Amino acid sequence: MPTDPQSPYLPFGDNTHAPWYGKDILSVKQFSRADLEYIFGVAHEMRGMVERIGTFDLLKGKILANLFYEPSTRTSSSFTAAMERLGGSVIPINEVKYSSVSKGESLPDTVRTLECYADVIVLRHPEVGSAAIAAKAARKPVINAGDGVGEHPTQALLDLFTIFEELGVGVVDGLTVTMLGDLKYGRTVHSLARLLSLYKVKLNYVSPEILRMPKEVMDEVAAQGIPQAEYASLEKALPDTDVLYVTRVQKERFEDPAEYEKVKGAYVINPAIMQTAKQQMIVMHPLPRVGEISTDFDDDPRAAYFRQMEYGLYVRMALLAMVLGKA
Ligand code: CP
């Protein structure tokens, strides 16, 4: 892989990417531009294969343990679908309260248990650094599916793949990407900002004062020479925006419910607001949404958030194939 000579990604036969067999995927900091273009080349191939034949046996006989300590619809089900599309099977642990975690079993022991039965472990956990702890305990590859307010690397990969597929390979340099909403607790925007800093983009951050992008992330992005600007309102940033990345204000991350009440509903994307945006741009959202994008915008061709979820399937198929030595 990639085997398609028409692929817009790295040329057929280019093998400059790092070897991913047996590797953990914990942070976007692991990836170079060449790695990303390789992953997206494989994901693009996966897309073609799913469209042509649906399911195939690349990972026949392999087993994924899907270990989720926090709720998930997209990440959990797309990893399941990815494994099954590749001919493998899944041990689903979506409700840890029904597992031995409820008896007090530690994360390292849970991971050591699952790797007796599975070839790869996908983990979502509420604590920052949990995926790294699991990876240290495990001999098999661990994929971080979100560690608290830390990172969500596979989401950032699918977000960037969405930009490549929607706006064209090779256009990322020069884009203006505006991130909107909860930039403090939103792990997806932390990972995406870091990943985008590998390209020559401009980043705008629009948020309430108490939900600004963390300084640590902004410092890392600034160190890559990426221009960044912060706004309290969307008005000034929207007309130049090529990618508007909307996030949910995450009620579950607030210690004080009164603080959540002050900022919920701070921004709502709707057809009237989008009149000042470019016609050739996309609106993305990691989802779920709780009102920050009005449903009457859903039929606008710029609304890419449902297509974005589908791109996640292809990226996760690529990652599973890579860490299991089949890509
Ligand atoms: N985007 C995302 O992580 O969605 P889920 O929480 O449904 O997995």
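Observations on the structure shown:
- Helices (runs of 4 or more DSSP H) contained entirely in segment 25-135, each with at least 1 residues that are of a type in the set (Phe, Trp, Tyr) and within 16 Å of the ligand (Cβ to nearest atom): 74-85
- Among the candidates 74, 85, residue that is open to solvent by 50 Å² or more (accessible area, probe 1.4 Å) and within 13 Å of the chain's Cα centre (by Cα): 74
- Residues in segment 198-243 that are touching a Gly at 6+ places or on another chain (Cβ under 9 Å) and hydroxyl-bearing (Ser, Thr, Tyr): 199, 207.
- Meets criteria (open to solvent by less than 40 Å² (accessible area, probe 1.4 Å) and at positive phi) for residue 129: yes
- Listed by first and then second residue, the pairs linking a residue in segment 289-304 that is hydroxyl-bearing (Ser, Thr, Tyr) to a residue that is modelled with pLDDT under 95 and surrounded by 15 or more Cβ atoms within 10 Å (Cβ to Cβ), with Cβ atoms under 7 Å apart and 6 or more places separating them unless they lie on different chains, form an empty list.
- Of 154, 176, all but one fail to be open to solvent by 10 Å² or more (accessible area, probe 1.4 Å) and at pLDDT 95 or above; the exception is 176.
- Scanning segment 228-243 finds no residues that are open to solvent by less than 60 Å² (accessible area, probe 1.4 Å) and over 21 Å from residue 277 (Cα atoms).
- For segment 179-188, filtering for residues that are closer than 22 Å to residue 277 by Cβ and either in a loop (DSSP other than H, G, I, E, B) or modelled with pLDDT of 95 or more (or both) leaves 6.
- Filtered by the rule that a residue be within 16 Å of the ligand (Cβ to nearest atom) and open to solvent by less than 40 Å² (accessible area, probe 1.4 Å), segment 244-283 gives 245, 246, 247, 249, 250, 283.
- In segment 284-327, residue farthest from residue 180 (Cα to Cα) [restricted to those that are within 16 Å of the ligand (Cβ to nearest atom) and among the aromatic types (Phe, Trp, Tyr)]: 314
- Taken over segment 284-315, the criterion of being part of a loop (DSSP other than H, G, I, E, B), more than 18 Å from residue 242 (Cα to Cα) and open to solvent by 50 Å² or more (accessible area, probe 1.4 Å) is satisfied by 288, 289, 290, 299.
- Across segment 259-275, the number of residues qualifying as of a type in the set (A, V, I, L, M), modelled with pLDDT of 80 or more and assigned to a helix (DSSP H, G or I) comes to 2.
- Restricting segment 222-257 to residues that are of a type in the set (A, V, I, L, M) and assigned to a strand (DSSP E or B) leaves a set whose member that is nearest to residue 289 (Cα to Cα) is 246.
- With respect to the stated conditions, residue 219 fails to be modelled with pLDDT under 95 and not in a strand (DSSP E or B).
- Boolean, residue 198 is buried (at least 23 other Cβ atoms within 10 Å of the Cβ) and either part of a loop (DSSP other than H, G, I, E, B) or touching a Phe, Trp or Tyr at 6+ places or on another chain (Cβ under 9 Å) (or both): no
The values are calculated or read from the model by the stated rules, or taken from the named source; none is laboratory data. These numbers were taken from a predicted model, which means no experiment stands behind them. Reconstructed Cβ throughout: ideal geometry from the backbone, glycine too, with neighbour counts over all protein chains shown. Please note that ligands, DNA and RNA were not included when accessible areas were found on the heavy atoms of the full protein model with its side chains. Shrake-Rupley method; radii C 1.70, N 1.55, O 1.52, S 1.80 Å.
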